[in-house]
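Scroll down for the structure; my scribbles are underneath it.
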Amino acid sequence: MALATKYNAKEVEDKWYQFWLDQGFFNSEVNDKPAYTIVIPPPNVTGILHMGHMLNNTIQDVLIRRARLQGFNACWVPGTDHASIATEAKVVAKLKAEGIDKSSISRDEFLKHAWDWTHNYGGKILDQLKKLGASCDWNRVKFTMDEDLYTSVIHSFVDLYEKGKIYRGHRMVNWDPEAKTTLSDEEIIYQEKNGNLYYINYPIEGSEECLTIATTRPETIFGDTAICIHPEDERYQHLKGKHAVVPVVGRKIPIIQDEYVDLEFGTGCLKVTPAHDENDKNLGDKHQLEVIDIFNEDASLNAFGLHYQGQDRFEARKAFANELKEKGFLVKTENHLNKVGTSERTGAVIEPRLSDQWFLTMQDLAQPAIDAVLKDETIKLFPKKFENTYKHWMENIRDWNISRQLWWGHRIPAWYIGEGKNEFVVAKNEEEALAKAIEKTGNSSLSLAELHQEEDVLDTWFSSWLWPMSVFNGINEPENEEFKYYYPTKDLVTGPDILFFWVARMIMAGYEYTEQKPFENVYLTGLVRDKQGRKMSKSLGNSPDALQLIEDFGADGVRVGLLLSNAAGNDLLFDEALCQQGKGFANKIWNAFRLIKGWEVDENLSTPSYAKAGLDWYASRFQQVLEEVDDHFSKYRISDALMASYKLVWDDFCSWLLEIIKPNYGEKIDAITLQQVISLFEDNLKLLHPFMPFVTEEIWQHIAERNQEEALVVNQWPVKKSYQKAKTKTFDFMKEVVSGIRNVRKEKNISFKDSIDLFVINNENQTKELDDLIKKLGNITKLTYSDTSVEGALSYRVGANEYFIPLKGAINIEEEIEKINEEIKYLKGFLNSVEKKLGNERFVNNAPEQVVALEKKKKSDALAKLKTLEISLKSLA
RNA sequence: GGGCGCUUAGCUCAGUUGGUUUAGAGCGUCUGGUUUACACCCAGAAGGUCGGGGGUUCGACUCCCUCAGCGCCCA
């Protein structure tokens with residue numbers, strides 16, 4: 001059957017993916033070989049495949065496929081996470097669309113809906129990864145809410161609590177008073193609003209004096225517990241240590257000093273309301289201030305609001321401002337523009353509100369993680385620049401708020417006893433909780449009905465930070481065989497945006513539970529942006545449909561397109577043209593194969609010298625590039641590794657080698673050349689397989705009948721051999737000679753079909769071994785060595801060698817002279833810069849010998865070439 | 001506000017302890033080419049005072065300072 005002139009990815013990809021699956025090539029079991037493990041950064045169950053995933057997973061697949069070829073027991077564990085915030089939001093929205101309000105159903109009912117949602121959509125993204133060619137071990141798919149992963153999280157919580165690392169505390173949250181719920185930062189829209197800045201007098205205790213503060217929210221005065229001044233503010237020096245009296249309320253509050261105060265804003269004097277402002281909360285914590293919460297759930301005032309109790313915060317603001325004015329406390333009001341956070345869902349103005357939360361102490365956990373990355377480099381970050389970011393965050397680490405006011409997730413295993421908020425036990429399950437509660441209270445008649453489990457769930461990251469361990473059940477059963485074999489894992493590939501949320505925390509968890517690193521190398525990819533540099537997002541609608549891309553360009557094309565532009569750690573501007581380039585490359589390889597496949601062997605032919613020279617050269621060239629590629633991989637420079645392979649195959653293999661060995665039209669090829677070029681082609685396929693698994697397997701299987709174990713996917717990475725660098729250098733010189741011929745042909749409009757003669761003055765003493773190549777590639781009839789210039793010929797130079805092409809037509813002497821003069825001008829400039837260096841005594845004395853020697857060589861080379869040019873010039877004149 | 005980073009050819013980026021022919025690649029552009037694998041192709045060319053200024057050095061795209069512009073992260 002004739003091969004299609006164009007490579008058709010669609011017809012090929014599903015076939016081979018299914019074949020690989022059927023053969024179980026992606027599955028890994030514990031064996032004697034060294035393990036190479038990657039755990040997938042679990043995409044969340046609400047997700048569909050987007051460009052970020054495509055890039056991320058392509059890189060992982062490249063790494064794992066290469067490891068497989070290198071003979072490792074490669075294991076790539078796939079999975080998803082439950083994404084409590086995102087998923088719960090989706091489920092709430094879905095229920096709402098069906099007319100069901102979350103608050104009207106029970107927790108259990110809600111969770112049933114969430115599970116339905118997960119079962120319906122959760123696996124979609126993994127199926128999409130298969131289209132991309134991801135060679136995950138699909139027998140190992142994990143989900144953060146699977147039973148063993150769930151218990152891992154619970155066990156870890158109990159363990160950390162028992163170690164005294166988990167405590168309860170307060171934190172300011174974004175409260176939507178209309179929806180009566182907490183919002184995440186992402187759910188808030190900031191709007192500029194016109195308001196007033198109120199200047200209000202606070203009397204100083206035991207004095208006639210007043211202190212004026214400026215505030216945008218006079219109603220929060222009811223919650224004031226201090227006045228703060230800048231320690232260096234000369235205006236207020238005399239007030240240090242005194243107390244002020246809250247207007248109308250009459251409460252005595254301290255005057256504290258803190259550099260936080262902005263001397264320029266308002267009066268340079270700040271009222272502190274720890275219950276209702278994030279910054280005030282921090283000040284309050286620092287100065288141990290009282291916390292007075294003045295609002296109800298719906299942001300109406302509570303009993304602290306005195307006679308305004310029950311009024312809405314905005315009504316109260318107006319009314320109270322009036323009262324302050326009437327009573328002479330209000331000095332003035334100014335117009336003031338400020339940014340107000342509003343709820344994305346209800347539009348209500350967000351109220352900062354203190355709420356009960358669970359925290360994990362981070363200080364002790366951080367230390368081994370800091371050492372591992374920054375001190376011993378047991379874990380390496382690529383690119384290295386992220387170590388700075390990591391360092392800064394880790395050294396200023398704050399305690400982690402691990403509770404979320406949601407239902408979907410790992411419910412915090414704490415049980416409150418009776419009505420109290422502060423009496424509770426932490427346990428792995430209800431039975432254990434009851435036993436602990438009985439022990440704690442001494443009340444043996446206590447029953448489960450009197451215990452109430454914490455409503456909040458844990459932050460999703462509190463489950464994913466265990467991921468490299470929990471996927472192998474390493475928390476529940478640290479001694480299990482798989483865990484001991486696959487862990488620590490090898491590479492982690494993820495985005496820098498979750499370096500703290502996830503990567504750093506995994507490192508901490510790893511050391512806490514195994515005293516080992518969870519992975520060896522962290523490769524941080526860039527963000528995928530659109531052509532205009534905008535982040536790809538659903539709301540902008542600028543993210544291309546991943547599956548459509550694969551449909552249009554083939555999985556191989558998309559993989560290449562993504563990788564080509566992805567310099568390590570830098571954002572990449574995604575452009576479909578890159579996928580087109582990838583698709584074009586697949587087609588190029590396909591056609592190289594078609595060419596070779598089409599050659600007929602004549603057993604009687606011996607190998608022509610040019611073919612032998614070409615094959616020899618390519619074997620060396622291949623080794624040279626293999627070395628480069630391995631080096632790039634060792635530095636996680638994946639795009640460089642791909643580009644090096646791309647140029648090797650396209651330029652060196654297709655444009656040079658195939659043109660060299662290609663038999664003349666109608667002629668056959670000798671057996672040895674064909675056999676050798678196929679073998680070299682197979683090496684190319686091995687090199688390319690991690691990047692382009694489909695097209696390489698397709699061609700591999702076309703080349704010969706293979707049994708199952710011989711499939712490319714489980715074959716071997718090319719073997720490194722020593723090679724002669726000199727060979728590639730000589731060949732490079734030959735290329736320049738041929739380019740020179742092509743240039744002359746182009747300049748003088750000599751068709752390639754017309755053969756010409758070439759004369760050379762071999763000043764460089766170049767080998768004649770490649771002369772046959774020059775003749776074939778340049779369509780040269782006769783190649784003649786000469787000692788003198790050839791008159792009436794066009795000339796060009798490579799190094800100090802001079803080449804002449806005699807032409808029947810008139811040679812334009814003027815043009816030739818001008819060309820040579822140009823070259824002389826350049827060389828003289830160059831020579832000048834070299835001589836300047838060499839003429840500098842301090843350079844000669846201080847620079848390393850090698851560098852000086854190099855400059856000397858540059859000089860002698862330039863002089864030699866100048867000499868030939870001047871001789872030519874003379875012969876023309 | 002704090003932290004980190006970026007600025008090199010029209011575009012996207014390399015440039016790996018400061019010295020490898022007075023800066024490299026891919027794409028794009030321009031010129032020429034199609035009976036003999038591929039127009040998703042072949043051959044060739046043009047294109048940059050390395051963001052501005054200052055400094056260190058025998059020598060700076062590379063190190064330091066400064067100015068300007070841009071980006072990311074802040075639990």
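The values are calculated or read from the model by the stated rules, or taken from the named source; none is laboratory data. Just so we're clear, the structure is a prediction, and the values are computed from it rather than from any experiment. So basically every Cβ, Gly included, is an ideal-geometry build from the backbone, and we count neighbours across all protein chains shown. These accessible areas exclude ligands, DNA and RNA; they are computed on the full protein's heavy atoms, side chains included. Shrake-Rupley method; radii C 1.70, N 1.55, O 1.52, S 1.80 Å.
From the alpha carbon centroid of segment A:280-345 to that of segment A:176-248 is 9 Å. Taken one residue at a time, the phi angles of segment A:754-766 give Karplus couplings (6.51, -1.76, 1.60, θ = phi - 60°) of 7, 7, 9, 9, 9, 10, 9, 9, 8, 4, 7, 6, 6 Hz. Gly and Pro are set to x. Normalising the average separation of contacting C-alpha pairs (under 8 angstrom, six or more residues apart) by the number of residues puts the relative contact order of segment A:812-877 at 45 percent.
3J(HN,Hα) along segment A:331-337, derived from phi through the Karplus expression 6.51 cos²θ - 1.76 cosθ + 1.60 where θ = phi - 60°, amounts to 7, 6, 10, 10, 5, 8, 9 Hz, with x in place of Gly and Pro. Among the listed pairs A:647/A:825; A:735/A:867; A:635/A:735, a Cα-Cα separation exceeding 29 Å is found for A:647/A:825; A:635/A:735.
Here, segment A:176-353 is characterised by an Rg to Rh ratio of 0.96, where Rg is the alpha-carbon radius of gyration and Rh the Kirkwood radius. For segment A:481-639, a Kirkwood radius taken over Cα pairs fed into Stokes-Einstein (10 °C, viscosity 1.306 mPa s) yields D = 80 µm²/s. The tail of the calculated P(r) for segment A:591-666 beyond 16 Å holds 57 percent of all Cα-Cα pairs. Proximity of backbone amide H atoms, modeled 1.01 Å from N, is registered between residue A:798 and A:803 at under 5 Å, excluding neighbours fewer than 5 places apart on the same chain. The calculated FRET efficiency for residue A:863 paired with residue A:384, based on their beta-carbon distance and R0 = 60 Å, is about 0.85. The residues of chain A expose on average 47 square angstrom of accessible surface per residue, using a 1.4 Å probe on protein heavy atoms.
If we sort A:284-290, A:813-819 on the protection proxy, mean other Cβ atoms within 10 Å, highest first, what's the order?
Highest-to-lowest ranking by the protection proxy: A:284-290, A:813-819.
Backbone amide hydrogens, once placed in the peptide plane, bring residue A:295 within less than 5 Å of A:302, excluding anything fewer than 5 places away on its chain.
Relative contact order for segment A:185-227 using alpha-carbon pairs under 8 Å, separation at least 6, rounded to a whole percent? Each step should come with its number before you reach the end.
Details: 31 pairs, mean separation 13.3, N = 43.
After rounding, I find 31 percent.
Pop out the carbon and sulfur fraction of the accessible area of chain A as a percent, whole number, probe 1.4 Å. Carbon-and-sulfur percentage of accessible area, whole number: 48. The length gained on full extension between residue A:748 and residue A:260, counted as 0.36 nm times the residue separation minus their Cα-Cα distance, comes to 167.9 nm. Using Cα centres only, tell me the gap between segment A:767-809 and segment A:145-162 in whole Å. For segment A:767-809 versus segment A:145-162, the Cα centre distance is 78 Å. Highest mean packing first, where packing is the average number of other Cβ atoms within 10 Å per residue, the peptides A:273-281, A:698-706 line up as A:273-281, A:698-706. Put simply, the Cα atoms of segment A:17-63 extend 37, 24, 20 Å along their principal axes, the longest span coming first.
Potential lengthening of the chain between residue A:100 and residue A:367 amounts to 91.4 nm, from the contour at 0.36 nm per residue minus the alpha-carbon distance.
Net charge near residue A:302, counting Lys/Arg +1 and Asp/Glu -1 over other residues with Cβ under 14 Å of its Cβ? Before the final figure, lay out the partial values.
Values: positive: A:313, A:353; negative: A:219, A:293, A:297, A:298, A:312, A:351.
Net of charged neighbours comes to -4.
Structural size metrics of chain A, computed from C-alpha coordinates, are Rg and Dmax of 37.3, 119 Å. Cross-linked pairs A:165/A:484; A:746/A:808; A:281/A:332: Cα-Cα separations exceed 18 Å for A:165/A:484; A:281/A:332.
Sorted on the mean count of surrounding Cβ atoms within 10 Å across their residues, most packed first, peptides A:316-323, A:772-779, A:689-696, A:663-670 read A:689-696, A:772-779, A:316-323, A:663-670. A crude spin-label estimate for the pair residue A:655 and residue A:178, with each label 7 Å from Cα along the Cβ direction, gives 6.3 nm.
If eta is 0.890 mPa s and T is 25 °C, what Stokes-Einstein diffusion coefficient results for segment A:547-723, Kirkwood Rh from Cα pairs, in µm²/s?
Working: Rh = 17.1 Å.
My calculation gives 143 µm²/s for D.
Axis of helix A:51-69 versus longest Cα principal axis of chain A: the two differ by about 60°, to the nearest ten degrees.
Take the Cβ atoms of residue A:833 and residue A:634, set R0 to 45 Å, and the FRET efficiency comes out at 0.80. Within the same chain, aspartates and glutamates fewer than 8 places from residue A:240 are excluded, and of the rest, those with a Cα less than 20 Å from its Cα are A:205, A:208, A:209, A:224, A:232, A:258, A:259, A:262, A:264, A:280, A:285, A:290. For chain A, a simple Cβ point-charge model (Lys and Arg +1, Asp and Glu -1, everything else neutral) yields a dipole of about 3040 debye relative to the Cα centre. Here the spin labels are modelled as points 7 Å beyond Cα on the Cα-Cβ line, and at residue A:421 and residue A:675 they lie 8.5 nm apart.
Excluding residue A:242 itself, calculate the net charge of residues whose Cβ lies under 11 Å from the Cβ of residue A:242, where each Lys or Arg counts +1 and each Asp or Glu counts -1. Could the numbers behind the result be given before it?
Numbers: positive: A:240, A:252; negative: A:205, A:209.
So the environment of residue A:242 carries a net charge of 0.
For residue A:719, neighbours were defined as the other residues whose beta-carbon sits under 13 Å from its Cβ, and their charges (Lys and Arg +1, Asp and Glu -1) total -1.
When shorter helices are ignored and each DSSP H run of at least 4 residues is given -39500 (n - 2.57), the per-residue value for chain A at 222 nm works out to -13500 deg cm²/dmol.
For chain A, what relative contact order do you get, as a whole percent, if you take Cα pairs closer than 8 Å and at least 6 residues apart?
Working: 1435 pairs, mean separation 107.6, N = 877.
Relative contact order, chain A: 12 percent.
Remark on residue A:527: its backbone amide H falls under 5 Å from those of A:571, A:572, a criterion applied only to residues 5 or more positions apart or on other chains, H modelled at 1.01 Å from N.
Strictly over 32 Å apart at the Cα level, which of A:193/A:421; A:776/A:859; A:583/A:720 would you flag in this model? Intermediate results must be reported in sequence, preceding the final value.
On the way: A:193/A:421 38 Å; A:776/A:859 34 Å; A:583/A:720 29 Å.
Too far apart for the 32 Å limit: A:193/A:421; A:776/A:859.
A straight chain from residue A:340 to residue A:235 at 0.36 nm per residue would run longer than the Cα-Cα distance by 34.7 nm. Converting phi to 3J(HN,Hα) with the Karplus coefficients 6.51, -1.76 and 1.60 and the offset θ = phi - 60°, segment A:718-729 yields x, 7, 6, 10, 6, 9, 9, 5, 4, 4, 6, 5 Hz in sequence order, with x at every glycine or proline.
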